[in-house]
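Please read the structure below before turning to the comments.
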Amino acid sequence: MRMLVGAVWLTISSLSLAQQAPMLNQPLLREAMEFLVKNPSSAKFEEVTYKRGREPGEWTMCGSVSVKNSYGSYADFERFVGTVIIDEMRPHYLVHSVGGLSDKLCQLEGL
């Protein structure tokens with residue numbers, strides 16, 4: 001009986017944790033921007049917000065990012081949009097767009 005109660009509690013707690021907006025993991029988000037910005041290791045993030053996605057553990061993410069340019073100084077902040085998927089308590093980031101239509105996409109998502 002204890003094992004059954006423990007298994008049910010573990011399942012419920014796992015599902016509830018997947019429903020909480022993820023904490024920002026900046027190193028993983030920088031990795032996800034590797035092919036979208038010039039210097040992802042220098043990325044600074046602001047105003048990162050989340051909206052629950054269609055599937056459990058899936059979140060739409062919008063925020064602003066600034067990276068160092070070729071001269072070594074930081075460029076202006078640009079909007080970005082992406083998806084975060086929580087799998088076994090680890091976030092996986094996929095950045096869809098930086099700049100351009102990102103602001104409009106974030107507005108359409110209500111972020």
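Each value in this text was obtained by applying a stated rule to the coordinates, not by laboratory testing. Here the structure is a predicted model, which is why all the values come from computation and not from measurement.
For the range 12-111, what is the Kirkwood hydrodynamic radius in Å, using each pair of distinct C-alpha atoms?
Values: mean 1/r = 0.0720 Å⁻¹.
For the range 12-111, inverting the mean 1/r across all distinct Cα pairs yields 13.9 Å.
Report ³J(HN,Hα) in whole Hz for each residue of the range 101-111, in order, from the Karplus equation J = 6.51 cos²θ - 1.76 cosθ + 1.60 where θ = phi - 60°; Gly and Pro get x.
Values per residue, Gly and Pro as x: 8, 4, 4, 5, 4, 5, 4, 4, 7, x, 10 Hz.
For the range 36-48, take each phi angle, set θ = phi - 60°, evaluate the Karplus expression 6.51 cos²θ - 1.76 cosθ + 1.60, and give the result in whole Hz per residue in order, putting x for glycine and proline.
So the Karplus estimates, Gly and Pro as x, are 10, 10, 5, 9, x, 5, 9, 4, 10, 10, 9, 6, 7 Hz.
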